[in-house]
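Asker: This is the structure I want to talk about, given as structure tokens.
The values are calculated or read from the model by the stated rules, or taken from the named source; none is laboratory data. Quick caveat, the model's predicted, so the values are computed rather than measured. Here the Cβ is made from the backbone with ideal geometry for all residues, glycine too, and neighbour counts use every protein chain on show. These accessible areas exclude ligands, DNA and RNA; they are computed on the full protein's heavy atoms, side chains included. Shrake-Rupley method; radii C 1.70, N 1.55, O 1.52, S 1.80 Å.
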Amino acid sequence: TVPMALRVSVFLCVLLLSCTPEQRINSPLLDHIPSDAAVIVKINNLTNFRSELRNNAFLQHLENTSLYKTVSKKMDVLQYAQIEGESLLSFVELGKDNLEFILVASLRDDFFNKEQVPDYSVETLTYDNEEIIKITIGPQELFGIQRDSFSIWSSSKILMENRARSKGPSPLAPDLER
């Protein structure tokens, strides 16, 4: 028979060898989201996401609130966006009762279907030696930076200026590390 100490030793060796270190899975999209984002939403399919928002009972109860109306109006410009694949939509509080959004998606030349967009204009701004694209659609403005293989779009010029200033990835909030 095999002594008990040898059995325990073999068991512990097998147990230790079978353990794998925790793998960190961070989406590269998170590198472009501010660490102080109040909400981050992962979008796998923009068309389905829009449909889910329109049919969401909880959001329908919020339709009459001023915050909902303000955020919804800022996001109207995204109805013309053409995004394929995974993207992240985050909301950042800038001042009291002011939520601005940042959308990070894979880089595309045709982010907007310009033929379907009424009253569309594009302007290039420079901030800290980086180009910020300003798109105006009617009364709404959208600011964007192209970095790495991503397009970063925001309802706030200040948020895009902050992204232009920070050359590397945003520090990831510990809660988002996995």
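Asker: Please list, ordered by chain and number, the residues whose modelled amide H lies under 5 Å from the amide H of residue 41; skip anything fewer than 5 residues away on the same chain.
Answerer: For residue 41, whose amide H was placed from the backbone, the distant partners under 5 Å are 89, 90.
Asker: Would you please give the residues with an amide H less than 5 Å from that of residue 132, counting only those at least 5 places away or on a separate chain, with H modeled from the backbone geometry?
Answerer: 125, 126, 127
Asker: Using the structure shown, select from 73/96; 69/167; 73/134; 114/167 the pairs with a Cα to Cα distance greater than 24 angstrom. Write out the running numbers ahead of the final one.
Answerer: Working: 73/96 18 Å; 69/167 33 Å; 73/134 17 Å; 114/167 30 Å.
Checking Cα-Cα distances, 69/167; 114/167 exceed 24 Å.
Asker: Let me ask you something else. Order these peptides, 72-80, 112-120, by their mean beta-carbon neighbour count within 10 angstrom, highest first.
Answerer: Numbers: 72-80: 16.2, 112-120: 11.8.
In descending order of packing, they fall as 72-80, 112-120.
Asker: While we're on this one: What list of ³J(HN,Hα) couplings, whole Hz, do you get for the stretch 80-91 from phi and the Karplus terms 6.51, -1.76, 1.60, once you set θ to phi - 60° and write x for glycine and proline?
Answerer: 3J(HN,Hα) across the stretch 80-91, in whole Hz: 9, 6, 10, 10, 10, x, 5, 8, 10, 10, 10, 10.
Asker: Each residue of the stretch 125-134 in turn: what ³J(HN,Hα) in whole Hz from Karplus with 6.51, -1.76, 1.60 and θ = phi - 60°, glycine and Pro shown as x?
Answerer: Per residue, the Karplus-derived 3J(HN,Hα) values read 10, 10, 9, 6, 6, 10, 7, 10, 8, 10 Hz.
Asker: Quick one: putting +1 on the C-beta of Lys and Arg, -1 on the C-beta of Asp and Glu, what dipole do you get for the stretch 58-178 around its Cα centre, in Debye to the nearest 20? Don't skip to the answer; put the middle values down first.
Answerer: Details: 13 positive and 20 negative charges, 48 e Å.
Here the size comes out at about 240 debye.
Asker: With only Lys, Arg, Asp and Glu charged, each at its Cβ (+1 for the first two, -1 for the last two), find how big the charge dipole of the stretch 48-96 is about the Cα centre; round to the nearest 20 debye.
Answerer: Values: 6 positive and 6 negative charges, 54 e Å.
Here the size comes out at about 260 debye.
Asker: Pairs of Cα atoms under 8 Å, at least six residues apart: use those to get the relative contact order of the stretch 37-120, whole percent. Walk me through the intermediate numbers first.
Answerer: Working: 92 pairs, mean separation 29.4, N = 84.
Relative contact order for the stretch 37-120 comes out at 35 percent.
Asker: Let me ask something else about it. By average Cβ neighbour count within 10 Å, what is the ranking of 154-160, 89-95, 49-55, 61-67 from highest down? Walk me through the numbers on the way to the answer.
Answerer: On the way: 154-160: 20.7, 89-95: 17.4, 49-55: 12.0, 61-67: 10.0.
Packing proxy ranking, top to bottom: 154-160, 89-95, 49-55, 61-67.
Asker: Using a 1.4 angstrom probe on the protein heavy atoms only, line up 96, 167 by accessible area, largest first.
Answerer: Numbers: 96 175, 167 120 Å².
Correct descending sequence by accessible area is 96, 167.
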